[in-house]
Structures are given as C-alpha cells and as structure tokens.
Amino acid sequence: PPLYLRTTDEMLNEFSYLDSDLAEEIVITNPAKISDMIEDISPIHPDKCPPVLDNSEEELRNSCHARAKEIYGDPVPKVVHDRLEKELDSIIGNGYAVMYIMARRLVLKSNEDGYLVGSRGSVGSSFAATMSGITEVNPLKPHYYCLNCQYSEFDSEEIRSLNGGVGWDLPDKKCPRCGAPLHKDGIDTPFETFLGFNGDKEPDIDLNFSGEYQANAHAYTEVMFGKGHTFRAGTITGVADKTAFGYVKKYAEVRDIQARSGFFEHLAKGFTNVKNTTGQHPGGIMVCPRDMDVHHFTPIQHPANKKESGVLTTHFDYHSIEGRMTKLDILGHDDPTIIRMLEDLTGIDAKTIPFDDPKTLSLFSSTEGIGLTPEQLQGDQVASLAVPECGTKFVRGMLEDSRPQTFSDLVRISGFSHGTNVWLDNAQDLIKNGTCKLNEAISTRDDVMNFLIHRGMDRKHSFFVMENVRKGKGIEKRNKQGQATTEFEAEMRENNIPEWFIESCKKISYLFPRAHAVAYVMMAFRIAWFKVYHPLAFYAAYFSIRAKAFDLRIMTGDLKTQMTEFNRIKALDRAASPKDKDLMSALEVSMEMYQRGYRFINVDIQHSEARRFSIKDGALLPPFLAIESLGETVADAIVAEREERPFTSLKDLQRRCKVSNTIIDLMKELKCCGELPEDEQMSLFGA
C-alpha cells in the first residue's frame, strides 16, 4: 500500500478536492498549532538511574584500604595513599562506587567458586579496582613489597634502571628487613586512561569470566539486585548494505526495472540499517533500580519470543538506553576455563606461577623451552603455538621479529597485535631499522602519555595527545571543519620528542589499553608455564577447549600420518575449507605434542570422558565427542549410564544410551568399544 511520509506539496495534493485555503489550514496551520500545544516529553526516562547497593561507598573505601594495608603495611607509603585517595575521591564523588562494588562482588563470587576472572579494557589502570579485588593488574610504578613484614620499595637503583618495564622484570631481591623474597609488581599506567583526566569519566568495567561459569555470574546479578531487576542487554540487527542492495536488485528484476547501479545503490541506502531482527548481547546485563519499573526505560521480551527460555531481554537496543540504565559486561572467555582445567589436572594454583620464569619466557623467543628444534616445528623459531594471544601465525611472526626477553616485551607485542596500523608499516620497520628499540616503540595507548610525560611535556596535553592518537585522529584536536585547534605537535618538538615518535603517532588508527594487554599476557603466561612443566595437562586443556577440529583416525596415527594430512591441507592453500583449516591448526599442535614424546590413544568405552580429553597412562585419552557425529547428549548419556552399571554389550550400550546404528558402526570401525560383544547372547554363550 502507498503508505509513506509525504511532502507538504504531496499532502496538499491529497486534499485537492477541498478549497485551497481549507486544505492549507488542514495540512499546515492546524498540525503546527497542535505541535505548539504539546510540551517536550521524553518517551524514556531522561536521567541516568544507577542501581543502589547499600553502603557501597563505605564498602569500597574500607575494602581498598584494608587490602592496601595488608600488602604495604600501616600506614601505607605516601605514593600508595595518594593514588588511592585521589581515585576514591573521584569514584565516590561522582557516584560510581556502586559500579565498583557490583564488579567486586561478582569477581569474589567467581573466585570462591574456583574460577579466575580476567579483566578487559583499561580497568587495570585503576588502583582502586586492584585494591578492591576487581583486577589482578596493579597500575602503580614498578616496585617491591614484602607480604611477610609489609616492607615496600618504590625507589631504588633497580627500579630506576628498569626503563619502561613492568615490576616482574625487576631482578630478584630479598627483603632487607626480614630476609624473605620480595614480591614484584606494578605496570606504570596512569589512572586517567580509565577515569578520564578529571576522574569524572563513567567507569566501564568489563570482565572475562569462564565460559562455563558465565551463566552463574549472570544469575548472581539477580541475587545482588533482586528478581525482576536484571535483564539481558538487547540488540537490534539492521539490514546490511549488501543485503539491501540485493533486495533492490530483486525488486527491479521482478518488475523489469532497468536503471544504473548508482540508482539502485541510492534506493538501497533508504533501508540500510533498518531493523531486521532483535537479539541479545553475549554478556551484557542491564540493571534496573529497585524502586523503578523497567518499563520506564524499555519494553522487555523473551528472546525469539520463546517464553519457556526464562530469559528476559530489553526490547530496545542497549546502546539507546545505556545512558540511563547501568550495563554490566559479564563476558565468557576460554582462558579462565583453561586455567581451571589445568588446576584440576595438576593440583597447582595458577596464582602461584611466577611471571619471570626464564624457561617460560624462552617460549616466546626460541624453541629451547620445549626441547625441540625449529625444523621439528615446521620452521617456527618460537614455541608459543597454542598459547593464547601468541599462537597465531601473525603473532608468532611478530615474536620472531622482536625476540622478546621480558614480560614487558610480551605486553608490547600484545598491544602491537591488537592495535590497528601499530605494527605493520610502523613499529615493525622502526625496530628492524634500529630507529628505536622494542621497549620504546608505541604499542599501547598508555605508552604515548607516559613517553610524553617522562620527556617533560604537560600532563594534560600528554593525555589529550594519547586520546587523539588512540582513536586514530592524529595528534591535534580538530574542529568540525577539520582545522587544528591545538599545537601539540609543536609542543612535542619543543620537548625534544623524536620525529619517529611523532610520525608513528600519525599512522596509528587504534591503540589497545596497556592494562588490557597486561591482563591478557598474565593469563597467557600462566598457560604457557603449564606447556613447559606439565605438557600433557596443557595439551589436554587445549584440545578440550580451544581446538575446533579433531580427526580420531588421523590424530591417533603416527607422526607421518599426521604430517601427510597437514601437507595435503597446506597444499590446498585458499581452496581449503574452514573445516580443513581448523583441522590443520589442530594437527600443528598435535605434531608438536608427538615430537615431544606424547601421543593420543583411542577412545575407551570404559574410561573416556564425555566432552574433555583426559590423561591416561602417559598419553591423552580423547572424549566421546571426538567420535564424528556423536553429539553431546549421547556422550553425556554414555558416561552417566556407565557410572550406573557397566555395559554388557553393544546392544546394551545402544539401548540404554539411544545410540544410532550409524554411530555404533562407526565406533566398531574405530575400535572404540574394547571387548564389548555384539549382544548379551554372544556374551553368555561365547559365540
């Protein structure tokens, strides 16, 4: 039907059967008159309405000071006290204490239940977040401290000579007061990167929970705020530009409309990004204050209108209401899940792993840590394969180019790999040409501010340069006409900032937060430590959680069998299917494991787990899910029934676990059934 917004002339034409003065009164005068009679109203609540947790300001201040005294003694050193008070005054003064307490309670609950939580973004730049237990990242300058007698050291020859490193790069040292080994910490990030220059920026606390614990964390928000006050953040998916163009082309084809492509593109723009469907954010939770109804902010719905799901989602896109409702980011991530599995397999607390272990560090610059040569690793010069953040071909190439020697070097490489126009045609060339060293090149947003401040530039101006560069806007602030409104570049030259640094700033499109890079590297380093000292546990965790493909026939074969398949897929190059590419990645890790003297054994009906790889007789035992086409329901059923009573035959297995004939035939072909006879009669009469 011809229902669309008409122009004034079109509307007058619709009323052409009336007198022209009367038509003008109906179309122009009266609507304007009615509009003038209506007050300005907002269809949704106009103000930010944060949730309330009783005594959140007091809880935040007390928990921060208690932890600071536990680490640094009472009274705490001036540098600790000043940083903490400055942040707490900003956080509490601007009404953000409740956001810290929400995050703190979620993290503590996850830790109590045995799962580490990783922090995302720049929350690690907040010392209050560290002291309240939200993040493990400590943003203070590198320092020593003693948990035995609360001695601390923030200024010494070792610290001064660190030159841009992090605390874990400091040499080992014993406490001069009690003789105990000193702890090392501190990554030197300014709080401005998280809370803004004036400390009034709304905190955005993003947390990485274990994927298998994420649902528990979501449920706990309901415990904190009460039933009916927490909702999954809704999303709206619009029509993509290519899809819109396809609609127009089809419309033209059906109606035999002939026109140039530009005309079709013009039509397509009319409904590009128009709402197509609603969905939900993978980890976002919207919190409604206890004394308000959610309908003040948004309608709510069941996702896909499935009322039995029990989940309620905001119907409005969360972007349109997050300025009014508080959004929590409770994201699922593999690293905490892997660490929990490694802890369960080895009995080792991952928090006790030292971040300066030389053998683990060597994985990122050579292959010696795992006792193999580059030739055994398909020519790789480093041994970081299957280590999170460092296992891709691209990052391994960066590691080979830069040969990191310290933890801070790894942080820089994480920044390079997550930034845009930071490494390629920028830092890579500067390091290769000897223009600057690895520890001088810009890798994270904090590097810009720290470099400028240490060279004597105004702190506020250094902050603004960092903000411009990290967003890809160059060095200067500009007005709408694109004209520079600052003279930061001239000020940089006055402070003898090198030309290579200035040019590097101009090339950057996006910079990663240093605290985020540190948090990622901490997780990766812990997992890498297991690769060195507990290899079977490491590979079991990798194939259980990260590997996207597993071929039982090939993987249980010898090294030559695996190499043949690897080379077959490699020869396909771009013609390889996504499934082949996933298998190729898994084979690369499997071949490394075989080179180290470990192997896979066949699925065992009596001992295999349903979903995860386990260690048996010095080898890796695949789960039932490793059998192609065998689904999670059947895998879980086999384990559950096996624990009830042993299987007496294949028929018994099939009947009790509802396994299809196809799967049974495949299990027989793969020899996964051990000595189970076909049916009970064969078992009884020894046929």
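The values are calculated or read from the model by the stated rules, or taken from the named source; none is laboratory data. Model, not experiment: these values are computed from the prediction. Every residue, glycine among them, receives a Cβ derived from its backbone with ideal geometry; neighbour counts consider all protein chains shown. For the accessible areas, the whole protein counts, side chains as well, though only heavy atoms, and no ligand, DNA or RNA atoms are used. Shrake-Rupley method; radii C 1.70, N 1.55, O 1.52, S 1.80 Å.
If His81 satisfies every condition in (1) assigned to a helix (DSSP H, G or I); (2) touching a Cys at 6+ places or on another chain (Cβ under 9 Å); (3) more than 21 Å from Gly196 (Cβ to Cβ) but one, which is the exception?
(2)
Any residue at all in region 483-490 that is touching a residue at least 40 places away in the same chain (Cβ under 8 Å) and of a type outside the set (Val, Ile, Thr)?
From region 483-490, those touching a residue at least 40 places away in the same chain (Cβ under 8 Å) are none; that's our starting set.
No, region 483-490 contains no residue that is touching a residue at least 40 places away in the same chain (Cβ under 8 Å) and of a type outside the set (Val, Ile, Thr).
So which helices (runs of 4 or more DSSP H) are wholly in region 128-237 and hold at least 2 residues that are aliphatic (A, V, I, L, M) and surrounded by 15 or more Cβ atoms within 10 Å (Cβ to Cβ)?
On the way: elements: 157-160, 192-195, 214-225.
So the answer is 214-225.
Given the conditions (1) closer than 30 Å to Arg514 by Cα; (2) assigned to a helix (DSSP H, G or I); (3) not hydroxyl-bearing (Ser, Thr, Tyr), report the number of the one that Lys48 does not fulfil.
Of (1) closer than 30 Å to Arg514 by Cα; (2) assigned to a helix (DSSP H, G or I); (3) not hydroxyl-bearing (Ser, Thr, Tyr), only one is false for Lys48: (2).
How many of the residues making up region 531-567 are out of contact with any helix residue (DSSP H, G or I) (no Cβ under 6 Å at 6 or more places or on another chain), within 16 Å of Val603 (Cα to Cα) and assigned to a helix (DSSP H, G or I)?
4
Name the pairs whose Cβ atoms lie under 8 Å apart, with the first residue in region 656-679 and closer than 12 Å to Ser629 by Cα, the second acidic (Asp, Glu) and surrounded by 12 or more Cβ atoms within 10 Å (Cβ to Cβ), and 6 or more positions between them or separate chains?
Leu666/Glu628
Quick one: Arg642 ticks every box in (1) buried (at least 18 other Cβ atoms within 10 Å of the Cβ); (2) within 30 Å of His534 (Cα to Cα); (3) under 32 Å from the mean Cα position of the chain (by Cα) except a single one, so which number is it?
Result: Arg642 fails condition (3) only.
Among what's in region 361-382 and is small (Gly, Ala, Ser) and without any contact (Cβ under 8 Å) to a residue 40 or more places away in the chain, pick the residue that is farthest from Val521 (Cα to Cα). Lay out the reasoning, then the answer.
The initial filter retains those residues of region 361-382 that are small (Gly, Ala, Ser), namely 362, 365-366, 369, 371, 379.
The next check asks that each one be without any contact (Cβ under 8 Å) to a residue 40 or more places away in the chain; those that pass are 362, 366, 379.
Working: Ser362: 14, Ser366: 18, Gly379: 24 Å.
That would be Gly379.
Residues in region 32-48: is at least one in contact with a helix residue (DSSP H, G or I) (Cβ under 9 Å, 6 or more places away or on another chain) and either open to solvent by 80 Å² or more (accessible area, probe 1.4 Å) or under 30 Å from Gly186 (Cα atoms) (or both)? It would help to see each step written out before you state the result.
Going residue by residue through region 32-48, those that are in contact with a helix residue (DSSP H, G or I) (Cβ under 9 Å, 6 or more places away or on another chain) are 44-45.
Next cut, either open to solvent by 80 Å² or more (accessible area, probe 1.4 Å) or under 30 Å from Gly186 (Cα atoms) (or both) only: none.
Taking every residue of region 32-48 in turn, none turns out to be in contact with a helix residue (DSSP H, G or I) (Cβ under 9 Å, 6 or more places away or on another chain) and either open to solvent by 80 Å² or more (accessible area, probe 1.4 Å) or under 30 Å from Gly186 (Cα atoms) (or both).
Any residue at all in region 69-78 that's among the aliphatic types (A, V, I, L, M), open to solvent by 50 Å² or more (accessible area, probe 1.4 Å) and free of Cβ contacts under 8 Å to residues at least 60 places away in the same chain? Before you say what the answer is, go through the steps one by one.
Applying the first criterion (among the aliphatic types (A, V, I, L, M)) to region 69-78 yields 71, 76.
Those left that are additionally open to solvent by 50 Å² or more (accessible area, probe 1.4 Å): none.
Among the residues of region 69-78, not one is among the aliphatic types (A, V, I, L, M), open to solvent by 50 Å² or more (accessible area, probe 1.4 Å) and free of Cβ contacts under 8 Å to residues at least 60 places away in the same chain, which makes the answer no.
Find all pairs meeting these conditions: Cβ atoms under 8 angstrom apart; at least six residues apart or on different chains; first residue within region 98-120 and on the phi > 0 side of the Ramachandran plot; second residue modelled with pLDDT of 95 or more and open to solvent by 30 Å² or more (accessible area, probe 1.4 Å).
That search, which allows pairs on different chains as well, returns Gly114/Arg340; Gly114/Glu343.
If a residue must be surrounded by fewer than 18 Cβ atoms within 10 Å (Cβ to Cβ) and either touching a Lys or Arg at 6+ places or on another chain (Cβ under 9 Å) or farther than 24 Å from Lys668 by Cα (or both), how many such residues does region 548-558 contain?
The qualifying residues number 3.
I'd like to check something: does region 511-531 contain any residue that is surrounded by fewer than 19 Cβ atoms within 10 Å (Cβ to Cβ) and in contact (Cβ under 8 Å) with a residue 24 or more places away in the chain? Spell out how you get there, then give the answer.
If we filter region 511-531 for residues that are surrounded by fewer than 19 Cβ atoms within 10 Å (Cβ to Cβ), which is where we start, we get none.
No: region 511-531 contains no residue that is surrounded by fewer than 19 Cβ atoms within 10 Å (Cβ to Cβ) and in contact (Cβ under 8 Å) with a residue 24 or more places away in the chain.
All but one of (1) within 17 Å of Thr130 (Cα to Cα); (2) open to solvent by less than 40 Å² (accessible area, probe 1.4 Å); (3) touching a residue at least 60 places away in the same chain (Cβ under 8 Å) hold for Leu88, so report the exception by its number.
Failing condition for Leu88: (3).
Taking the criterion of being in contact (Cβ under 8 Å) with a residue 24 or more places away in the chain, among the aliphatic types (A, V, I, L, M) and not in a helix (DSSP H, G or I), would at least one residue in region 239-250 satisfy it?
Scanning region 239-250 turns up at least one residue that is in contact (Cβ under 8 Å) with a residue 24 or more places away in the chain, among the aliphatic types (A, V, I, L, M) and not in a helix (DSSP H, G or I).
Going through Leu12, Leu60, Leu3, Leu22 one at a time, which residue ends up being more than 30 Å from Ser152 (Cβ to Cβ) and surrounded by 14 or more Cβ atoms within 10 Å (Cβ to Cβ)? Before you say what the answer is, go through the steps one by one.
Details: Leu60 fails: more than 30 Å from Ser152 (Cβ to Cβ); Leu3 fails: surrounded by 14 or more Cβ atoms within 10 Å (Cβ to Cβ); Leu22 fails: surrounded by 14 or more Cβ atoms within 10 Å (Cβ to Cβ).
None of the other options fit; the residue is Leu12.
Go through region 418-437 and give me each residue that's buried (at least 17 other Cβ atoms within 10 Å of the Cβ) and under 12 Å from Leu511 (Cβ atoms).
His418, Gly419, Val422, Trp423, Asn426, Ala427
Condition test on His65, is it closer than 30 Å to Gly199 by Cα, touching a His at 6+ places or on another chain (Cβ under 6 Å) and touching a residue at least 60 places away in the same chain (Cβ under 8 Å)?
Working: closer than 30 Å to Gly199 by Cα: yes; touching a His at 6+ places or on another chain (Cβ under 6 Å): no; touching a residue at least 60 places away in the same chain (Cβ under 8 Å): yes.
In short, no.
Can you name the number of the only condition in (1) at pLDDT 95 or above; (2) more than 30 Å from Pro203 (Cβ to Cβ) that Ile41 fails?
(1)
Taking Ala268 as the residue in question, decide whether it is assigned to a helix (DSSP H, G or I) and open to solvent by less than 60 Å² (accessible area, probe 1.4 Å). I'd like the intermediate steps shown before the answer.
Working: assigned to a helix (DSSP H, G or I): yes; open to solvent by less than 60 Å² (accessible area, probe 1.4 Å): yes.
The answer is yes for Ala268.
Does Val123 count as open to solvent by less than 10 Å² (accessible area, probe 1.4 Å), closer than 30 Å to Lys174 by Cβ and under 20 Å from the mean Cα position of the chain (by Cα)?
Numbers: open to solvent by less than 10 Å² (accessible area, probe 1.4 Å): yes; closer than 30 Å to Lys174 by Cβ: no; under 20 Å from the mean Cα position of the chain (by Cα): yes.
No.
Could we say that Glu592 is open to solvent by less than 50 Å² (accessible area, probe 1.4 Å), acidic (Asp, Glu) and either closer than 25 Å to Tyr533 by Cβ or in contact with a Pro (Cβ under 8 Å, 6 or more places away or on another chain) (or both) here? Spell out the reasoning first.
Values: open to solvent by less than 50 Å² (accessible area, probe 1.4 Å): yes; acidic (Asp, Glu): yes; either closer than 25 Å to Tyr533 by Cβ or in contact with a Pro (Cβ under 8 Å, 6 or more places away or on another chain) (or both): yes.
Spelling it out, Glu592 is indeed open to solvent by less than 50 Å² (accessible area, probe 1.4 Å), acidic (Asp, Glu) and either closer than 25 Å to Tyr533 by Cβ or in contact with a Pro (Cβ under 8 Å, 6 or more places away or on another chain) (or both).
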